[in-house]
Amino acid sequence: MNKYFSDYLPPALVRDFRRSLRSRGYVLMLLIAVLVAVWVQYDAIAQLPESKSMGGGTTLTMIGVFLFWCIIPHRAGRAVLADCRVKSANYMMLTPLSSRHIVWSTWFSAVVQLLIVGGIGALILWWRQVATPDMPLTEASLFSLTGSLFPGVPFFSWQPVTFTQVWVIYALMLGVGALLCAVFMSLAQMSTFTRLIVICAMATVALSWGMAQITTILDSGRSPADILLAGVSGISLWCRLADAALVLWVLLELARRSYASPAENCSWGLRLWALAPMVLVAALHYAAPEESELMTEQLEFSVAMGLVICLCDALLPTYSLPGHGRRTWPLLPSYLQTPGLGQAAFFLVLVLAANWGVHVWQMQESSVPYLLNKGLSAEWMDGLHSLRLLYALLCALLLTDLLCGSMNANRPTVFAVLLLGLDIVAGFVAPGATQDVYLSSVIPCSEVLLQIKTAEQLTVCSAVSAACCLLMLAGLIFRGRRS
Amino acid sequence: MSEPILKVTDLVRHFSAVKAVDGISFELKAGQSVGLIGANGSGKTTTMRLLTTLDLPDSGSIEFEGIDALAYPEKVRARIGWMPDELVPVEHTTVSDYIDFFARAYGLTGSKRVAEVKRVLVFCGIEELSKRYINKLSKGQTQRLSLARTLIGNPDFLVMDEPAAGLDPQARLEFKQLVRALQQQGKTLLISSHILSELAEMCDSMIFMDKGHVIRRGSQEELVAGDEPGTLYSLRCVGDSAPLLAYLAMSKDWRGAVCQADGSVLVTCLAPDDEARAGALRALCAENLIWEASCRRRNLEETFVNILQEQR
C-alpha cells in the first residue's frame, strides 16, 4: 500500500482515528465487548442439541446499544470537547481547514469506527445465521425486566424474531449510533450546565419512549422489531432517511460553531447556511407534482428544525465567541438575560417537543414529522408520566447542584420556577383535564397524596414520584435559605 | 524597513463592562520585532487574539498587508502564526502526530509533509521527542512544541503570548536563541512578556499598554530617554538616608527620589546642562549628605513602572 495513503483522507479524520487507536481504555473496551458477543453466540450454538431455539439475541442487542449508542458517540463528543478545552480549536481556526471540514471529518471518523465495530458484530451475526439457518431465533423483550412493575405481567418473556428483523434492527442501531455521534458532538460546545440539562432532556425522552414501548408491547404483544418496521416502505422510508439527514445536518452545523472563527459565528452567512436544509425541503415540497401528506409533514418538520437552530443560535454561547455583543440575539433584551433563563427555555422546548412527539409517535406509529404536528395534544398528560419524569429530572439537577455547589446560584431556581410555571399553564390548557390533573401539575405531591388516599393505581412509580417531589422541595428550600 | 505589514486602527473589544481593548492603534513593519508590554489585565492577550482573528472586535480595523483581516480572515490566517502562553496537552497524541496533523491541515502531502514536520522539529530541537506523548513533556519542551506548531506553514508574522513564561533560565536562554534565529529569517514578531529585560534584548521596538490603551511606543532608547527629562543618579548617603531624602524633596533640581534596597538613593536631576548638574551635586557634598554619586541609565522595568505611575 502507498505509504502516503492517508494523504487522501481528511486530516481531522486521520488525527481522530489515530487518537482513538492510541487510547488503550477505548480499544480495550471495544475488544472486550466484541469478545463477550462472540462468547455468548458460541455458547448459544454449543447448546443447540438441547435447546429448541436460539437465545443470545438480547445480549447482542445490548452490546450493540452499549457500543453504538454510548461508547463511540461519547468518544466523538469527547474529541470535540477536548479541542474546545485545550484550545486546539483556536489553532485549527488559523489553518486553511474550514470548520465544516473539521466537524464532518470528526464525524466520519466516528462513523468509520462504528462501521469497523459494526462489521465485526455483523460477522458474528452472519456466523450465527450460517451455523443455524433453520433454527428460530428468540429475543428477550428489551424491557421485560421492568415488567415486574406491572401487576400480572411475567418477569421475563421471549419474542420470536427472524434473521431479517435482526439485520434490520442491527442496521437501524448503527444508523441511530451515527446520529448520536452528531448529537454528542453538538453538545460539546455547550457550557457544563447546558450540556447537563440537554443530556437530562434526552434521558427524559428516552425514558418516556421506553415506557411507551413497554405499554405498547404489553398491550399488543408485539415485539419491538414489529413496531419499528411497521409501515416502513417506499416513500415513507425515504422520508425518514431525509429526516435523519436533515437532523444530522443541523446537529453538525451546531457542532461546527466550536471550530468556526468569531467572524463566522457572528455572520449571517453561517446562520443562513444552517437554515439551508430547511429551505431545500420547503423547495422540494413546492416542487412536488402532487400534494403529499408526508411532504407536508416534512415541511413542518423542517420549519421546526429551523426554529431549533434559531433558538440555539440565540441562547447557546460558543467556545470561540463567549458573549459577544454582535452575536447576542437583539430580540432578547438585557433584562431578560437572567442566568439560567436561556438554558431553561432551551431545555423546555427540547423536552416538550421531543417528549410529546415521541409519545404521540408511539401511539400513532407515524413518521417523525407527524409527531411534531400532533404533539401539542393533551394525550401526553395520560398517566402523568411526563410530569413525573420532569420532576425527577429537576430533582436530579437540584441534587447535583447541592452536591457540587459550583453552579450559578440563580440558574436552578430560575429553572425550577419556569418548570412549575409550565406545569401550571399545562394544567390550564389541557382539554379535558380533571381537577386532579391540574392539581398534580401545580403541586406534584398532590397526585401521590390522592393516590395514597384513594389507594388506586398505587405503583412503584408513585413512590418514585413522591421521593422526587420531596427531594425537589427540599432542594428548593435549601436553595432559598442559602440565597 | 519596508511598508507596514500590519496596521491596527481604533481597535475596541469590551467584555460587558470590562474594556479589555479600548481604541488602540499601531503599525508593524515587515521584519520588525515588537514587544507588547503591560500589567496583567492590560489587554495584551485580547489584542493578540484580535490580531490573529481569533476574536472579533466591537469596532476598529485590522489590515494585514493591505487586506482587511476582519472582512477576509481566511486570507490572512495562513500568514499568521500564533503561539499562546500555554499549550494544554492533548490526550493520546504524540509529538509527531500533533505536528503532522497541522502539516496536513496546511495542505502538505507526501514527502513534503514529512520534510516540513522534520524541519520544524529539528529547528525547535525536539526531533528526538517525536514519539513521546505530549502530556509527558516538560514545560520547556511543550513551549518548543508550541513554537514548532506555530512555524508549520512558514508564516511571515508570528504572535507570541508570554513565550518564556514558566521556563527555567536554561530553557529561557535556548528559547531566546530560537527567537533570534527567527529574526534572522526575516519574520515579523510581536511578543508579549513580563520579563522586560529579555524583551529588550529580543525586540527593536516596544508598545506599552495599560487598561486597554497604548500608553507609549518606540525603541528602547526612545522610551527610556523620553520617559522623563533629566539624568538619573545613584547617590550613596553619609549615614542615614532620611536627611538626604528631605533635602532632595525640598530642592528644585531633584525629583523622584527613591531609596534602594542597598541603601543608595535613586533620583533624577532636572538640571539642564552638565555645569548645572555639577553644581547640584556639589551642593549635596557641601551639605555632607553624600559620599558617592554615579550617573546611570534607567532600565526598561523602571521606565515602564514610571510611565504607569504617571498614567495613574
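The values are calculated or read from the model by the stated rules, or taken from the named source; none is laboratory data. Quick caveat, the model's predicted, so the values are computed rather than measured. Glycine also receives a Cβ, built like all others from the backbone with ideal geometry; neighbour counts cover every protein chain displayed. Areas reflect the complete protein model, heavy atoms only, side chains present, ligands, DNA and RNA absent. Shrake-Rupley method; radii C 1.70, N 1.55, O 1.52, S 1.80 Å.
Once the chain from residue B:260 to residue B:119 is taken as fully extended at 0.36 nm per residue, the excess over their C-alpha distance is 45.9 nm. Peptides A:66-78, B:21-33, ordered by how many other C-beta atoms sit within 10 Å of their residues on average, highest first, read A:66-78, B:21-33.
If you take each beta carbon of peptide B:78-87 and count the beta carbons of other chains within 10 angstrom, what is the mean? It would help to have the intermediate numbers written out before the result.
Numbers: counts 3, 1, 1, 2, 4, 1, 3, 0, 2, 4.
Other-chain Cβ atoms within 10 Å of each residue's Cβ, averaged: 2.
For the range B:226-311, the spread of Cα positions along the three principal axes, ordered from largest to smallest, is 35, 29, 21 Å.
Within 12 Å, Cβ to Cβ, of residue B:169, how many net charges do the neighbouring residues add up to if Lys/Arg are +1 and Asp/Glu are -1?
Around residue B:169, the surrounding residues sum to -1.
Neighbouring Cβ atoms from other chains, within 10 Å of the Cβ of residues in B:112-121, number 1 on average.
With the highest mean first, a sort of the peptides A:105-117, B:169-181 on other beta-carbon atoms found within 10 angstrom per residue produces A:105-117, B:169-181. With contacts taken as Cα pairs under 8 Å at a separation of at least 6 residues, chain B carries a relative contact order of 19 percent. Here the simple spin-label model places points 7 Å from the Cα toward Cβ, and for residue B:177 and residue B:111 these points are separated by 3.1 nm. For chain B, the mean residue ellipticity at 222 nm estimated from helices alone is -11000 deg cm²/dmol, where every DSSP H run of n ≥ 4 contributes -39500 (n - 2.57) and the total is divided by all residues, rounded to the nearest 500. Take the alpha carbon gyration tensor of the range B:81-189, find the square roots of its eigenvalues, order them as a ≥ b ≥ c, and report rounded if a/c is under 1.5; if not, report prolate when a/b exceeds b/c, else oblate. It is oblate, given that a/c is not under 1.5 and a/b is not larger than b/c.
When accessible surface is computed with a 1.4 Å probe, chains A and B are found to bury approximately 3200 Å² between them, both chains counted. When only Cα pairs below 8 angstrom with a gap of at least 6 residues are kept, the range B:1-151 shows a relative contact order of 20 percent.
The simple Förster model, with R0 at 41 Å and r as the Cβ-Cβ distance, assigns residue B:128 and residue A:27 a FRET efficiency of 0.90.
Shielding by partners for peptide B:54-66, expressed as the average number of C-beta atoms from other protein chains within 10 Å of each residue's C-beta, is 3. If the viscosity is 1.002 mPa s and the temperature 20 °C, what Stokes-Einstein diffusion coefficient in µm²/s follows for chain B when Rh is the Kirkwood radius over Cα pairs? The calculation lands on 97 µm²/s.
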